[in-house]
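Let me begin by presenting the structure, written as structure tokens, before commenting on it.
Throughout, read-outs are computed from the coordinates displayed, never taken from laboratory work. Everything quoted here is computed from the prediction, not taken from an experiment. Cβ placement follows ideal geometry from the backbone for every residue including glycine, while neighbour counts extend to all protein chains displayed.
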Amino acid sequence: MRQAIISAGFALLLSAAPAFAADRDFDLVNNTGYDIKSVFIDESASPTWTDNAIDSTMKDGETVRMKFGKGDVGCKWDMKVVFADDNSAAVWHGFNLCEINTIKLHYNRNTDVTTAVVE
């Protein structure tokens, strides 16, 4: 089973055009080596996961723009992805989507660790 952690040494890079506080939209990049069948994004500390945020399986190497509605509030969000090959999941907590433009997911088969790098 894949373990999910946010790499302690991940690089937090702010782009030249910083995100506005109300703009939570971001690009999700699948660099895991595996297809992702579900992505759930909910406000931090939400007791349940809501609807799948992608319409179809996200292929390895694919980038999908995650868009939020005007009714979505707050900057801190959690994310869960479910892999298509074995239904295992990876979960991250506390992404500050008001400051993130891109989240790149990676999986290291040797260590069985899934990481997220934010930009």
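By a straight-distance test (C-alpha under 16 Å), which aspartates and glutamates pair with K104 as possible cross-link partners, with residues fewer than eight away in the same chain excluded?
D25, D27, D35, D60, E62, D78, E119
Just order 71-78, 101-108 by mean Cβ neighbour count inside 10 Å, highest at the front, would you?
Packing order, densest peptide first, comes out as 101-108, 71-78.
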